[in-house]
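Reviewing the structure listed below.
Every number in this text was worked out from the coordinates using simple rules, so none of it is lab data. Keep in mind that this is a model prediction, so the values were computed, not measured. Because the Cβ atoms are built from the backbone with ideal geometry, glycine has one as well, and the counts that use them run over all protein chains shown.
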Amino acid sequence: MKAIDNIDFRGMKVELIGTFVFFYVGGWAVINSSSKLSSDTCSCALAHMITLGLMIWAGAHVSGHFNPAVTTCFIVFKRIHWITGLFYILAQLLGGLFSAALLKVIVSGDALDLANAGSINGFPKLTNAGTNWWKQCILEFIGTFFLMLTVYLTAVDTRAPENVHGMAIGGVVGFMLLATPPGFATALNPARAFCPMVIDAGAEFWTVFIWLVFPVLGAIAAGFVCEKIFLKGIDEEQNDAVELPIIVGNAGGEMEMDAGGELTTPMRATGTLDVELDAGLDVDADIGLGVGIGLGVDVDVDAEIEVDLEVDVEVDAAIDVAVWDTPDDTQKAAWKGFFVQGGEQNDMDLPNLQIGLSGAITGEGSDAVGEFTISGQLNDDGTFNFDKAYPDYTVSYNGSLDGTKLAGNWSLPDQQEEPFEISLVSSSWNGYFLQNEDKNDMNLNLGVANGLIFGTGTDGVGSFLCRGKSDGGDFSFVKKYLGAHQVLYFGKVEGGEGSRTVKGKWTIADAGIEDKFTLQES
């Protein structure tokens with residue numbers, strides 16, 4: 001898979017702008033406080049708290065970290081892809097550097113000298129660093145531990161109340177600044193210290209390791225506690241949860257059951273949902289909920305109420321995947337890439353290149369030489385070869401499916417081979433499938449056009465091809481591993497184009513195996 005497929009450019013923009021605003025406002029507050037011009041400790045803490053809270057609220061639907069320690073923690077515990085996380089950190093550092101550089105330019109020389117007596121270009125100085133550095137390490141570890149704990153419990157945990165995370169996270173930063181002893185410099189954020197010190201540090205730069213190392217350690221420690229204690233099993237439980245409000249009527253024994261709106265299942269099939277409640281009154285009911293699920297209810301009225309939910313869903317294992325594998329005029333799989341000739345890179349545009357489930361490669365395209373057609377074969381071991389036929393001559397291409405791209409070499413008779421690479425022009429999808437309670441990561445390039453799904457991908461089993469159909473909220477496709485078995489996927493789509501989520505169930509019908517999966521478009 002290409003590294004660029006995991007780069008979230010929207011998220012990077014949010015990280016860069018949000019970090020810039022946060023550090024810019026916070027830097028001014030520290031400079032004013034240090035120079036005794038207008039701010040005091042309380043207003044400095046408030047400036048950080050309110051600005052961070054507002055930036056998180058504004059950007060949380062895209063990213064909203066603004067802190068390399070938070071991003072590193074999410075990378076370690078696989079809340080985000082590591083490539084995405086590294087580019088978030090790069091954007092955060094750039095935003096912080098822009099802020100520190102702008103502060104240095106704006107503040108006049110005399111005012112800067114006065115401000116820098118107590119701060120380093122918008123970041124407080126650690127006084128008596130030779131003896132106090134280890135105390136600052138402890139403050140950073142503990143403070144960032146509490147900060148990351150708040151991030152998990154208000155922003156990551158979906159059981160948390162809505163829209164409290166922004167000011168809760170900002171509030172922790174503000175209160176930690178208020179609680180900072182005189183002469184110390186609380187950051188809880190590696191970039192908050194590193195960026196000003198890179199722009200304008202001097203002899204104090206040796207202390208930067210404090211804010212680079214201990215906030216990260218504190219965040220990872222909090223992440224470990226939350227992942228293993230507070231959130232353990234929550235993700236899987238929420239995938240199985242069905243919300244079913246039950247209202248018991250008057251003492252005469254009438255009972256009303258309300259599904260609370262639309263009850264959905266990730267499968268496009270039928271099944272049963274059995275509910276048992278212990279409550280004193282025996283009631284049997286059969287309720288149709290309009291989603292192909294029969295709901296059998298047995299109610300016993302007594303003192304305690306116990307609910308047992310079991311979902312039994314049948315997938316459409318008999319579906320004819322050959323229909324999905326038949327290209328037509330509406331199924332255009334665009335690929336782009338390049339070939340190198342004489343050290344010069346030349347673009348290739350293939351508006352319709354198809355790789356069938358059998359491995360057959362067909363299509364057409366154009367480059368600087370002219371228009372051409374493609375015909376060849378993707379082999380079971382992942383290697384491929386195809387001919388690129390111009391009107392006057394033919395070029396041979398060979399290589400291997402590398403994640404979600406075709407890469408290798410091209411050649412003409414009596415000429416040295418030179419490299420090329422092409423990739424499907426489509427959305428990058430990341431996710432996982434469950435098997436025996438283990439999560440198995442998947443990376444895919446999927447094109448969804450005119451109700452059809454096509455693409456390539458890779459996971460722990462190997463490389464695979466995808467073909468399928470997207471009809472309204474349904475999302476069904478076959479995943480054909482090269483030279484091996486195929487897996488059927490059936491799911492439901494949530495969200496709009498560019499940020500879609502698909503949740504559902506996969507099956508290998510011949511083996512009688514099935515389990516859940518989740519995909520996220522990025």
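Peptides 122-129, 414-421 ranked from most to least packed give 122-129, 414-421, packing being the mean of other C-beta atoms within 10 angstrom over each peptide's residues.
Taking amide H as placed 1.01 Å from N in the peptide plane, Met348 has its amide H under 5 Å from the amide H of Gly337, Phe338, Phe339, each at least 5 places away in sequence or on another chain. For Gly363, the amide hydrogen comes within under 5 Å of the amide hydrogens of Gln354, Ile374, counting only partners 5 or more places away or on other chains and with H modelled in the peptide plane. Taking GluC sites (Glu not before Pro) across segment 446-522, the ones in a DSSP loop with at most 12 further Cβ atoms lying within 10 angstrom of their Cβ are Glu497.
Structure note, pairs Lys405/Lys503; Lys492/Lys516; Lys78/Lys503; Lys104/Lys125; Lys439/Lys503; Lys480/Lys505: Cα-Cα distances above 22 angstrom occur for Lys405/Lys503.
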